[in-house]
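**Q** Quick one: the structure is below, and I'll ask about it shortly.
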Amino acid sequence: MPRRENPYAGMVDGLTDSQLMELSSAVAARRCRDDVGFGTFDEAAAAWKPDPRCPWCHHEHNHRDSSTPSGRPRWVCTECGRTYTALTGTVFEESKKDFATWSQFVRLMCYNAQLDLAAEVCGITHQTAFEWRHRVMATLGGYQKRIVLRDRCWIDEMYVEDSILKNTPGYRTMRGLSRNLICVSVAIDVHKNPVAAVCGHGKPSGKRIKDALSSHIAEGTTFLHDKERAHNPLIRAVKGTSIAYKADTKDPDYLEGMKMVNSLCAWVRRFIEGYVGMKPENLQEYLDWYVYLFRVKQADEKWPKIARVLRHLMLTDAHYRSSRKRKYPHTG
Ligand SMILES: [Zn+2]
């Protein structure tokens, strides 16, 4: 059978560089539309933010104005008089890259791709990739604050090496739970809601564990844990009940819970170790991202996760955050 020529090959060969860029961008928009439902910022905004509130004074239901020079719908606030588009105040506002590129970037972030790989694939610089990653993570800032575990809850601690201390002259690895390790309190309930919170350096006191977790756990929760005494102040604070780990291999909840908390620790560790050079002060931000992905993955059947993350970015006000002129360091 004769090999069929690709009818577009000849056309593409004849294009100039700028025409090829336009074609690539149109193809990317089309593929993005197939993947996440929308190919451009404006298509996504029309669905997710058909009547955006004022990004400055938060006044709702404002007048539709004429469009921007690029044809983007614009509103004028009836309260403060300022004009805005659906992108004003979001992380997309000043982006020179299109929706399809952001979609690609978020997809790579969902796989926890290395920054250099994300930069290469998306055609952006390492510095831009770094800023985008932090913008995505900053948008989810404090995401875990709203999570409250209930009913039956497994808790544990895990330890991460403090990379700053590791790079300090004179640092030497100490044995056991040294002060050079950052403690992360990990919890997961029977409904598979996870929490991962930074809990200071070294082995934590009861007060530190209580401070890290008490706002995340409902009153009257039953705790399953390893009999660590430092858990007691937390359990008392939420009027909980304690069941120390005592293997009951006939209890499917017990087996499932053990597996969940052990797996959660292993996954969080693998996730953190993938981010070379992460600064310890940013660890909570990364843990928030991890927990966000964990929960989004569970809802995946209902809503594809990339679209969900992009929607979150478009609906979240990053205006005041970015106007703080946060300094982005060169390492994570
Ligand atoms: Zn306003």
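Only the coordinates and a few stated rules stand behind these numbers; no lab work does. All figures in this text were calculated on a predicted structure; none of them were measured in a lab. Here the Cβ positions follow ideal geometry from the backbone for every residue, glycine too, while neighbour counts run over all protein chains shown.
**Q** Greater than 32 Å separation of Cα atoms is the criterion. Which listed pairs, LYS207/LYS259; LYS227/LYS305; LYS97/LYS305; LYS207/LYS305; LYS145/LYS279; LYS259/LYS279, meet it?
**A** From the list (LYS207/LYS259; LYS227/LYS305; LYS97/LYS305; LYS207/LYS305; LYS145/LYS279; LYS259/LYS279), the Cα-Cα distance tops 32 Å for LYS227/LYS305; LYS207/LYS305.
**Q** Residue by residue, what Karplus-based ³J(HN,Hα) values in Hz, rounded to whole numbers, does segment 85-99 have, using 6.51, -1.76 and 1.60 with θ = phi - 60° and x for Gly and Pro?
**A** Running phi through 6.51 cos²θ - 1.76 cosθ + 1.60 with θ = phi - 60° gives 10, 5, 8, 4, x, 9, 5, 7, 3, 9, 6, 8, 8, 7, 4 Hz.
**Q** Which of the peptides 8-17, 216-225 is most tightly packed, and how do the rest follow, judged by the mean count of other Cβ atoms within 10 Å per residue?
**A** Packing order, densest peptide first, comes out as 216-225, 8-17.
**Q** Now for a separate question. Students often check this: by mean Cβ neighbours within 10 Å, which of 260-273, 67-80, 102-115 ranks highest, and how do the rest follow?
**A** 102-115, 260-273, 67-80
**Q** For the modelled label position 7 Å from the Cα of SER67 along Cα-to-Cβ, which residues of segment 86-104 have backbone nitrogen atoms closer than 17 Å?
**A** Taking a point 7 Å out along Cα→Cβ of SER67, the residues of segment 86-104 whose backbone N falls under 17 Å are 86-88, 99.
**Q** Let me ask another. Leaving out same-chain residues fewer than 8 places away, which aspartates and glutamates sit with a Cα under 14 Å from that of LYS96?
**A** Those aspartates and glutamates meeting the cut-off are GLU131.
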